[in-house]
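One structure is given below, encoded as structure tokens.
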Amino acid sequence: MSAAHVLGLRLRNTVIVGSGLLTDQERNIRRLLETGAGAVVTKTIHPSPPTDLDERLVRLPTGMLNSTTYSKRPVGRWLTALRSFAQDDLPVIASLHAGSPEELGALAAEVQTTGCRALELGISCLNEEPGLEEDTPDRVYAYTSATRSRTSLPFSVKLAVGEGLVDRTRAASAGGADAITVSDTIPGAAISPATGELELGGIFGYSGPGIKPLVLAAIRRLRARGFDLPILGCGGVASGRDVADYLAVGADAVQVYTALHTDMHTTLDRIITQSAAITAAALEKTS
């Protein structure tokens, strides 16, 4: 698979491991890169993550529900890890969020001092803020512009598909984003067959194959409307074919996460290998 350039990083391939529980530890991040990931996005670093939430995962036939939010590791520990990644010239993207735009800008400035070369703003976590599926362009602009005012690092803003996505992507662009990531989890629910009640006790983030068609359509529409910032496609990636599909509609790189909860390294290696084979076959046809 050919190299890619995203957020100022030269990646050996277009497959990026997305932010989540699997990227909450330095050793996991290093191992995922050793397995072949083009880059890895850390679990979202937050200066004051909520501590009173029941954070769990529920596997579904078509993906996963989760009630998780941000890393519980202190910012100081993350700064040490990011400094180590930078010293080893590893393609690690720091996912960041905070309680206000000003706090997020300050956190981004701290992270820049570590030598970290790229950020992703994880500002659309609906699990902490019920109703965030109705996120507004004004909110996106506030967080994006506050971050841009405090750092020169390239960053992507991670947004969820849904109503108003075009306006939210425009707000991110106007605020100084260098790219967008589509999509964060979307609101989902499942009923427990044992109790007849909602799994996890409510509506939380859904990810997996079910959102892939929605994200493909969203990226295609953004490109058709002339949106020209790089796009990191994310949602339901479980094979090299999925990677190729995202690239076909205009994504510049592709994030995989939920599928890695099963046989993490074997699954990642398979996706990268399949994607490389599809790319090679396509090049052979055109040569």
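General remarks:
- For region 150-252, the list of trypsin sites (Lys or Arg not before Pro) that fall in a loop by DSSP and count at most 15 other C-beta atoms within 10 angstrom reads R225.
- Flagged links, alpha-carbon separation over 24 Å, of K158/K212; K158/K285; K72/K212: K158/K285; K72/K212
- Per-residue [θ]222 nm for the chain (sum of -39500 (n - 2.57) over DSSP H runs n ≥ 4, rounded to 500): -11000 deg cm²/dmol
- Largest first, the residues D54, D245, D252, D228 sort by 1.4 Å accessible area into D228, D54, D252, D245.
- In nm, spacing of pseudo-spin labels at D88 and R27 (7 Å Cα→C-beta vector): 1.2
- Net charge of Cβ neighbours under 12 Å - reference R225; Lys, Arg +1; Asp, Glu -1: +2
- Among A146, A248, A37, the residue with the largest mean-square fluctuation in a Gaussian network model of the chain, with springs joining Cα atoms closer than 10 Å, is A248.
- Considering only S84, S183, S71, the Gaussian network model of the chain with Cα springs below 10 Å gives its largest mean-square fluctuation to S84.
- Once the 1.4 Å probe is applied to the protein heavy atoms, region 1-110 comes out at 42 Å² accessible per residue.
- In nm, spacing of pseudo-spin labels at E197 and D228 (7 Å Cα→C-beta vector): 5.4
- For the pair E284 and D269, the difference between a 0.36 nm per residue extended length and the Cα-Cα distance amounts to 3.2 nm.
- Under 19 Å from the T113 label point (7 Å along Cα→beta-carbon), backbone N, region 53-76: 74-76
- Overall form of region 120-258 per C-alpha gyration tensor (a/c, 1.5; a/b vs b/c): oblate
- Candidates L198, L216, L153, ranked by Gaussian network fluctuation over the chain, Cα under 10 Å, top entry: L198
- Taking the accessible area of the chain, probe 1.4 Å, and keeping the other protein chains in place, the carbon and sulfur fraction comes to 51%.
The values are calculated or read from the model by the stated rules, or taken from the named source; none is laboratory data. Remember, it's a predicted structure, so these values are computed and weren't measured experimentally. With ideal geometry, Cβ positions are generated from the backbone for all residues, glycine too; neighbour counts draw on all protein chains shown. These accessible areas exclude ligands, DNA and RNA; they are computed on the full protein's heavy atoms, side chains included. Shrake-Rupley method; radii C 1.70, N 1.55, O 1.52, S 1.80 Å.
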